[in-house]
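The values are calculated or read from the model by the stated rules, or taken from the named source; none is laboratory data. Just so it is clear, the model here is predicted, and its values are computed rather than measured. Every residue, glycine as well, gets a Cβ built from its backbone with ideal geometry; the counts of neighbours run over all protein chains shown. Each accessible area value is taken on the protein alone, full model and side chains, heavy atoms only, with ligands, DNA and RNA left out. Shrake-Rupley method; radii C 1.70, N 1.55, O 1.52, S 1.80 Å.
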Amino acid sequence: MAIIIFIILAVASALYYKESIGASFNKEYATTLNQIIDRKELRVGMLRSLTTLYIDYRNPNQAGGFEYELLKKFADSLNVKLKVTFANNLTELVEKSKQGKIDLIATELKGYVSDVDNFYASSPFHHITLQLVYRKGSIKPYSFNDIKGDLTVAKNSLQSYTLAHIKNNFPQLTWNESAILNQEELLRLVEDKDINYTIASNRTTSIMQRIYPSLAVAFEVVNNQPKTWYLPKSQDNSLLNKLNQFIQTSLADGTIKKLEYHYFSYMNKFDYVDTRAFLRAIEKTLPKYQTFFEKYAKANDLDWKLLASMAYQESHWNPKALSSTGVRGIMMLTKSTAESLGITNRLDAEQSINGGSSYLKKIINRMPKSIPKEERVWFALAAYNMGMGHLWDARALATQLNKSPDSWQDVRQILPLLSEEEYYLDLKYGFARGYQAVHFVDSIQKYYMSLVGYLIEKEYRQKYMDEKIDQAGL
């Protein structure tokens, strides 16, 4: 009996030892991708910037941004959470990668010469253009031969990497490199006349122009620079392969195109005069009504900044506004719409904002579930402008023309056709100025991004900018 018990204990002990060693072995030798899936978390390092970290109208208390959202979709495809570590410079990110604290770096490493060879680059998912930026009112340079003054770029950046190669063609070219300031902070210094020039990506410049309209583009330095992410070569290729597969799929199925539209479409045209007027209105007029926008946006689960941008497009925040068609007030409500919402005085700012936000929410709720959640607001804004019936016509026409009725990009292209006889004679609700609805939505997007950027910039300047300038010795 004792011998049997001994044998049972020995076998059990051997099995336990085998399982323990096996678990330890599997954990130690699991692929990078499997480790991420097991921990249920993708750890990404990013630099703080308006182009990679932007507050989103759908989640006003949550980070957004083109690259952030694309990374979130990648994490979702792995069924894991996205954990982002933000850093002030590349040195911090590279160090965290060496320590195994992040799985990939979502920023350009090409200028970080000392370590870039230790990383794999992902497939390109986006392209940018580098531009030389100066301040409007000073003499515009047309090439590096015309540079007269202080040109400063961030140290270990794509800009410094690019200048080092350009210098072969411009031997007289000199520049300064800041180890403290990033490209957005350097653009602020151009605005403040502390430096004469810097080099920034077209996306960053476009965002900053909506906050500082005196920033101007002198010339393009490099066109179509591919954007990639970086993974340490110390990893196996499992994560890299999965990421590249995701990027290729997202390019093919339009995911990246939709994100580019959402975050960058408003950048196509820059109106200096209109931007200056909007910024002045933010400072002088918006404070009178901001409380109302916040109150009624919250009541209807909307972003108050989107509601405020909509009101500016409608009336330039004029509560007494009147159009030739009879719509009135800060939200430009029709008499029948106001009455249906219980609004007794369209010229009362609070009542109008209350009515406009409630009406917009009702329209959003009527949008078909087949329309992606993040795009329903654009459809709703178009319907707010021209009527629900005409929007249904546009969606039906989109289907006829082999476009997607659930894609705002496609319907946006269709809307102008509602004013063409070739099409509107066969539509249920007939003629409509669909091009006006497109302009309406585009303008709201533009004002929204300016307002968000202005508020972020104001907070940033109050907290950090002066301290950073002192650290940089400027």
Exercise. At q = 0.16, 0.17, 0.21, 0.25 Å⁻¹, what log₁₀ I(q)/I(0) does a Debye calculation on the Cα points of segment 362-423 give, no solvent, two decimals?
Worked result: -0.43, -0.49, -0.75, -1.06
Exercise. Which percent of Cα pairs goes in each bin when the distances of segment 315-446 are cut into 5 angstrom slices starting at zero?
Worked result: 2, 11, 19, 21, 19, 14, 9, 4, 1, 0
Problem set entry | Under-5 Å amide H pairs with L333, H placed in peptide plane, nonlocal only | R328
Problem set entry | Pairwise FRET efficiency - D426 versus Y460, Cβ, R0 = 60 Å, nearest 0.05 | 0.70
For this session: Can you send over the solvent-accessible area of R276, 1.4 Å probe, protein chains only, in Å² to the nearest 10?
Result: 90 Å²
For this session: Tabulate in residue order the Karplus-calculated ³J(HN,Hα) for segment 338-345, using 6.51 cos²θ - 1.76 cosθ + 1.60 with θ = phi - 60°, rounded to whole Hz; enter x for Gly and Pro.
Result: 4, 5, 5, 9, x, 8, 8, 9
Exercise. Can you give the Rg to Rh ratio of segment 191-318, both from alpha-carbon atoms, with Rh computed by the Kirkwood formula?
Worked result: 1.08
Exercise. Hey, which lysines would be in cross-link range of K73, C-alpha to C-alpha under 22 Å, not counting anything within fewer than 8 residues on its own chain?
Worked result: K40, K81, K83, K101, K227, K242, K257, K258, K369, K373
For this session: For V411, V217, write out the residues from largest to smallest accessible area, computed with a 1.4 angstrom probe and no ligands counted.
Result: V217, V411
Seminar exercise, completed: To the nearest 10 degrees, the tilt of helix 376-386 (Cα long axis) against the first principal axis of the alpha carbons of the chain is 10 degrees
Problem set entry | Mean residue ellipticity (222 nm) of the chain, computed from DSSP H runs ≥ 4 via -39,500 (n - 2.57), nearest 500 | -15500 deg cm²/dmol
For this session: Compute, for E420, the solvent-accessible surface of its heavy atoms (probe 1.4 Å) with the complete set of protein chains present, and express it in square angstrom to the nearest 10.
Result: 80 Å²
Exercise. Carbon and sulfur atoms: what percent of the 1.4 Å accessible area of segment 249-362 do they account for?
Worked result: 48 percent
Problem set entry | Alpha-carbon spread of segment 186-243, three principal axes, descending order, Å | 48, 21, 19
Seminar exercise, completed: The answer for the per residue Cα convex hull volume of segment 303-353, in Å³, is 67 Å³
Problem set entry | the chain - accessible surface per residue (Å², probe 1.4 Å) | 49 Å²
For this session: Sketch the reach of a paramagnetic label on S143 as a point 7 Å from Cα along Cα-to-Cβ, and name the residues of segment 193-235 whose backbone nitrogen lies under 14 Å away.
Result: 219-221
For this session: May I ask you to give the average projected area over all directions of the convex hull of the Cα atoms of the chain, in nm² rounded to one decimal?
Result: 32.1 nm²
Seminar exercise, completed: A convex hull over the alpha carbons of segment 154-210 yields, per residue, a volume in Å³ of 84 Å³
For this session: Let me know the volume per residue of the alpha-carbon convex hull for segment 259-386, in Å³.
Result: 120 Å³
